[in-house]
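Since the structure comes first, as structure tokens, the remarks are kept for the end.
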Amino acid sequence: MDLHLPDGRTLRVHDSGSAGLPVFWLHGSPQTGDLLAPLLTVRGIRLLGYDRPGYGGSTRLPGRTVASAAADVAAIADALGLDRFALVGHSGGGPHALACGASLPDRVIAVAALSSPAPLTADGLDWFAGMAPASEAELRAAAAGRAVLEEHLASADFDPAVFTEADHAALAGSWAPLGENAGAALPAGFGGLVDDDLALVAPWGFDPAEVTVPALVVHGVRDRMVPSEHGEWLATRCRPSAELWLSPSDGHVSVLDRAVEALVWLASAPRG
């Protein structure tokens with residue numbers, strides 16, 4: 001469905017319609033909120049997604065912060081009559097899921113972040129260390145500002161070396177819909193991705209230490225897009241410390257094979 005907000009924007013919302021705990025799926029960059037088949041296998045979950053501003057069918061919102069996601073998620077929940085819910089975010093969706101945990105503690109039951117980057121200002125973390133060159137180049141361009149990032153994205157080619165062998169196997173197998181979905185994310189250019197990247201390297205609008213709801217951080221140790229040190233940092237920053245699952249053989253995409261486990265974890269989280 002399309003949700004029309006008071007500020008004139010539209011959010012494209014995806015709803016499995018299943019009975020059970022509402023769980024928002026916050027997609028990576030660039031993706032849409034389409035509910036991918038592997039995520040729909042857990043019973044007792046009503047899976048929801050939405051296209052972040054600038055992706056798919058959602059209106060762009062230049063200058064948005066990571067924390068801006070909380071207001072959009074709350075608006076969707078209100079429209080659907082949902083009082084409480086959980087969230088799971090992958091990659092660029094991870095910080096946005098954590099933002100909801102920090103900003104909506106009375107409504108968020110629990111949150112899970114897979115392959116999530118940490119804030120650029122994370123103390124004690126060498127933020128770019130271990131990234132594949134293409135991933136590092138894009139994010140360094142984002143740190144240099146909108147014009148530099150737009151120029152970079154307009155000329156850069158996709159480098160398959162950002163993914164591990166396990167990632168490529170996942171994209172050729174059960175997670176093939178993820179690759180197909182990326183093409184639908186940017187119908188009008190790189191706007192959504194630009195805004196996502198800029199929000200990621202700017203102040204988030206919240207501190208992960210403000211995430212006090214039950215939290216789970218899942219990360220592949222071989223991740224070349226967002227090294228696992230980011231996930232380790234996030235897990236220790238949340239208060240109380242988040243549960244951390246490190247997958248020794250997984251990369252950025254293949255770790256999604258643990259997404260079903262994460263959904264089960266969310267469904268079993270204590271209701272405060």
#### Entry: For residue 70: the one exception among (1) more than 21 Å from residue 271 (Cα to Cα); (2) under 16 Å from the mean Cα position of the chain (by Cα)
(1)
### Task
Look through the range 228-250, keep the residues that are outside any helix (DSSP H, G or I) and either among the charged types (D, E, K, R) or more than 19 Å from residue 266 (Cα to Cα) (or both), and return whichever of them is most open to solvent (accessible area, probe 1.4 Å).
239
### Residue satisfying condition, being without any contact (Cβ under 8 Å) to a residue 60 or more places away in the chain, in a helix (DSSP H, G or I) and over 28 Å from residue 248 (Cα atoms), within set 137, 102, 74
74
### Query
Residues of the range 109-134 being in a loop (DSSP other than H, G, I, E, B) and open to solvent by 70 Å² or more (accessible area, probe 1.4 Å), which ones?
121, 123, 124, 126
### Query
How many of the residues making up the range 146-187 are farther than 17 Å from residue 220 by Cβ and in contact (Cβ under 8 Å) with a residue 12 or more places away in the chain?
16
### Message
With the requirement that a residue be open to solvent by less than 30 Å² (accessible area, probe 1.4 Å), part of a helix (DSSP H, G or I) and either farther than 22 Å from residue 203 by Cβ or not small (Gly, Ala, Ser) (or both), what does the range 140-178 give you?
### Response
149, 153, 162, 167, 170, 176, 178
### Query
So, in the range 1-40, of the ones that are of a type in the set (Gly, Ala, Ser) and in contact (Cβ under 8 Å) with a residue 60 or more places away in the chain, which residue ends up most open to solvent (accessible area, probe 1.4 Å)?
37
### Message
I'm trying to understand the selection: among the residues of the range 105-126, which are without any contact (Cβ under 8 Å) to a residue 12 or more places away in the chain and under 19 Å from the mean Cα position of the chain (by Cα)?
### Response
none
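The values are calculated or read from the model by the stated rules, or taken from the named source; none is laboratory data. Everything quoted here is computed from the prediction, not taken from an experiment. Note: ideal-geometry Cβ built from the backbone for every residue, glycine included; neighbour counts use all protein chains shown. Please note that ligands, DNA and RNA were not included when accessible areas were found on the heavy atoms of the full protein model with its side chains. Shrake-Rupley method; radii C 1.70, N 1.55, O 1.52, S 1.80 Å.
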